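Visitor: Sharing a structure with you now.
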Amino acid sequence: MITSTKNPTVVQAAKLSKRGIRDQARRVLVEGAQAAAEAVATGAAEQVFHVPGSTGRVPQVVAAAEAGGAEVVAVSEAVMTHLTSAVTPQGIVAVARFVDVPLSEIRPGILPVLCSVRDPGNAGTILRSADAFGAAGVVFTTDSVDVYNAKAVRSSAGSLFHVPVVRDVPPVRAVEELRAVGATVLAAAADGESDAGEVDLTGPTALLLGNEAWGLSPEVRALADGSVRIPILGRAESLNLAAAAAVLLYEATRPAGGPARAGSGVLSEVISASIHDVRMPLTALKGFAATLVDRWDRFQDQARHDMVEGMLLDIERVSAMIGLIVDAARIEQGRVGPASQSRDLAEALAWVSELFGRSRDYPDVEVRGAAPAAVDRERVQVLLLALCDGAMWFGQDGPIRIEARAEEGSAVVEVHRDGTGPDEAEAERMFAGPGDESSRIGLHVARRIAEALGGSLVAEGGNGISFRLTLPA
């Protein structure tokens, strides 16, 4: 095992943190288990550094690297910290070959062209969305961030190795070459000429995306055949770049004015399945209210107080369920994405703990930790209530424990309650959605919201029930 940061193999790999060295060697450091796994799976990884004893996916990635013929190097934690830019390294880093291709090799389809995009997190997230929605590739123009920037690679979550990437092409040349092969060139702008839903993005389309702060320059925008905008129906001033790109890429999955996308019929099933979950607290509210009206004078102050507290909890649960239904509709319209600013989760965690403390019929909620997340507070509260409801349903013993922390550029929230708990298959089926009697509709929609935000939601049974919610930071 290598324990010195001065080891020649380590020194050579560490140099790849500098763009000039990367470009000369045409090699990149790939940090984290997910991205390293994709580099190994696609054959791009040449070396894999790992800390023996690391948990999670690391052992599987190391085994796959060995089987695939990559050089596997065991290193100490100090060496791993030296090789990575992450605050909390996952115990694995790969050295992979560059995977960019010439513009001439890109097949027809929707193609984001990043013009003066400087934030590596946005760039990586756009790559991930391009992968998710089947884009033909992503073009990084000469004035944009390096696609092989460490944060951009991490944010792509392995999609760098799935999507054809073109780099260092001047915007004028990119537009000329794409138009020459039949692509329509559209500029994405807040004041665009047409709504995204009115434009057919299913054919060969070069989608010009501008800088996070000032958008497209007049010179670049003038290169386009037209412009497209995303209608803002709520009070938000705008979407951030990565969210806007995701919406436009999603719109490219259907013709303009065409029928709803495959899967959107699920919305009516979600609403139908939600009726029971809404009706239960409403029935309780009705019973509490009727009892208080009919027998107000027969109750002591404490009893009245306890009943009103229970009513407040049920009102919040109804509100949360309605929030889930609304977000399910927004997801079908491509209107759910990260917030423009990060907010600390501490306030939402304190809110759910206080809320459950209002009723003796509900378990206590113990919270600790905090982390910033690019998610609206109300949406976080809805997600937390859905997870706490799941914890009550599948875990029967003791308090619900919630822990939040920052991890690899994301906010991670873990919710646990002791008890018998479901097995692995049952834990997954709780997210299945309408049509599966083992599913909880709130958890089904909560997972869809998390994924629409660019995060994830998983569960683990056995010793009670544990939920792990990952949100963009």
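Visitor: Against the definition (out of contact with any strand residue (DSSP E or B) (no Cβ under 7 Å at 6 or more places or on another chain), surrounded by 18 or more Cβ atoms within 10 Å (Cβ to Cβ), of a type in the set (D, E, K, R) and over 21 Å from ALA41 (Cβ atoms)), how does GLU177 come out, yes or no?
Guide: Criteria met by GLU177.
Visitor: For GLY68, work out the one condition from (1) within 19 Å of ALA86 (Cα to Cα); (2) touching a residue at least 24 places away in the same chain (Cβ under 8 Å) it doesn't fulfil.
Guide: Tallying (1) within 19 Å of ALA86 (Cα to Cα); (2) touching a residue at least 24 places away in the same chain (Cβ under 8 Å), GLY68 fails exactly one: (1).
Visitor: Only one of (1) assigned to a helix (DSSP H, G or I); (2) under 25 Å from ASP100 (Cα atoms); (3) out of contact with any Ser or Thr (no Cβ under 9 Å at 6 or more places or on another chain) is not met by PRO59, so which one is it?
Guide: In the conditions (1) assigned to a helix (DSSP H, G or I); (2) under 25 Å from ASP100 (Cα atoms); (3) out of contact with any Ser or Thr (no Cβ under 9 Å at 6 or more places or on another chain), PRO59 misses (2) alone.
Visitor: Would you point out which residue out of VAL93, VAL73, VAL28, VAL48 is in contact with a Gly (Cβ under 9 Å, 6 or more places away or on another chain), outside the structural domain of PRO204 (by TED's automatic domain parsing) and either part of a strand (DSSP E or B) or charged (D, E, K, R) (or both)? Steps first, please.
Guide: On the way: VAL73 fails: in contact with a Gly (Cβ under 9 Å, 6 or more places away or on another chain); VAL28 fails: in contact with a Gly (Cβ under 9 Å, 6 or more places away or on another chain); VAL48 fails: in contact with a Gly (Cβ under 9 Å, 6 or more places away or on another chain).
Just a single option satisfies the conditions, and that option is VAL93.
Visitor: Working only within the stretch 214-230, note down all residues that are part of a loop (DSSP other than H, G, I, E, B) and of a type in the set (A, V, I, L, M, F, W, C).
Guide: If the condition is that a residue be part of a loop (DSSP other than H, G, I, E, B) and of a type in the set (A, V, I, L, M, F, W, C), then TRP214, LEU216, ALA222, LEU223, ALA224, ILE230 are the ones that fit.
Visitor: Right, something else. Which residue out of VAL445, VAL458 is modelled with pLDDT of 80 or more and over 20 Å from GLU378 (Cβ atoms)?
Guide: One residue alone meets the criteria, VAL458.
Visitor: Quick one: how many residues across the stretch 189-218 are touching a Pro at 6+ places or on another chain (Cβ under 8 Å) and either polar (S, T, N, Q) or without any contact (Cβ under 8 Å) to a residue 24 or more places away in the chain (or both)?
Guide: Looking only at that region, the number is 1.
Visitor: Let me ask something else. Can you tell me which condition MET392 does not meet? The list is (1) part of a strand (DSSP E or B); (2) aliphatic (A, V, I, L, M); (3) surrounded by fewer than 24 Cβ atoms within 10 Å (Cβ to Cβ), and all the others hold.
Guide: (1)
Visitor: Could I ask something else about it? Picking from ARG179, ARG173, ARG167, ARG235, which residue would you name as being assigned to a loop (DSSP other than H, G, I, E, B) and basic (Lys, Arg)?
Guide: Details: ARG179 fails: assigned to a loop (DSSP other than H, G, I, E, B); ARG173 fails: assigned to a loop (DSSP other than H, G, I, E, B); ARG167 fails: assigned to a loop (DSSP other than H, G, I, E, B).
Result of the check over ARG179, ARG173, ARG167, ARG235: ARG235.
Visitor: Hey, another quick one. Given (1) at pLDDT 90 or above; (2) more than 17 Å from the chain's Cα centre (by Cα), where does VAL413 come up short, assuming only one miss?
Guide: With respect to (1) at pLDDT 90 or above; (2) more than 17 Å from the chain's Cα centre (by Cα), VAL413 is out only on (2).
Visitor: Of the conditions (1) over 21 Å from the mean Cα position of the chain (by Cα); (2) of a type in the set (S, T, N, Q); (3) surrounded by 16 or more Cβ atoms within 10 Å (Cβ to Cβ), THR420 clears all except one; give me its number.
Guide: Result: THR420 passes all but (3).
Visitor: Is it the case, given these coordinates, that VAL375 is buried (at least 20 other Cβ atoms within 10 Å of the Cβ) and over 23 Å from ASP418 (Cα atoms)?
Guide: yes
Visitor: On to the next question. Provide a single number: the residues in the stretch 129-156 that are under 20 Å from VAL95 (Cα atoms) and either without any contact (Cβ under 8 Å) to a residue 24 or more places away in the chain or assigned to a helix (DSSP H, G or I) (or both).
Guide: Here the count works out to 6.
Visitor: Related question: Could you tell me which residue of the stretch 340-365 is farthest from ASN122 (Cα to Cα), considering only residues that are free of Cβ contacts under 8 Å to residues at least 40 places away in the same chain and out of contact with any helix residue (DSSP H, G or I) (no Cβ under 7 Å at 6 or more places or on another chain)?
Guide: That would be GLY357.
Visitor: Further, regarding this structure: Taking into account only those residues within the stretch 395-410 that are closer than 18 Å to VAL352 by Cα and surrounded by fewer than 21 Cβ atoms within 10 Å (Cβ to Cβ), which is modelled with the lowest pLDDT?
Guide: GLY398
Visitor: Let me ask something additional. If a residue has to be touching a helix residue (DSSP H, G or I) at 6+ places or on another chain (Cβ under 7 Å) and part of a strand (DSSP E or B) to count, how many in the stretch 395-415 make the cut?
Guide: So the answer is 4.
Visitor: Starting from residues that are among the aliphatic types (A, V, I, L, M) and within 27 Å of the chain's Cα centre (by Cα), keep the ones in the stretch 60-83 and report whichever is surrounded by the most Cβ atoms within 10 Å (Cβ to Cβ). Before the answer, list the steps.
Guide: First, pick out the residues of the stretch 60-83 that are among the aliphatic types (A, V, I, L, M): 61-65, 67, 70, 72-75, 78-80, 83.
Filter once more, so that each one left must be within 27 Å of the chain's Cα centre (by Cα): 61-62, 64-65, 80, 83.
Numbers: VAL61: 30, VAL62: 23, ALA64: 17, ALA65: 25, MET80: 22, LEU83: 21.
Across the stretch 60-83, the extreme among qualifying residues is VAL61.
The values are calculated or read from the model by the stated rules, or taken from the named source; none is laboratory data. Fair warning: this is a prediction, and the values are worked out from it, not measured in the lab. Cβ sites come from the backbone with ideal geometry, for glycine too, and all protein chains shown count toward neighbours.
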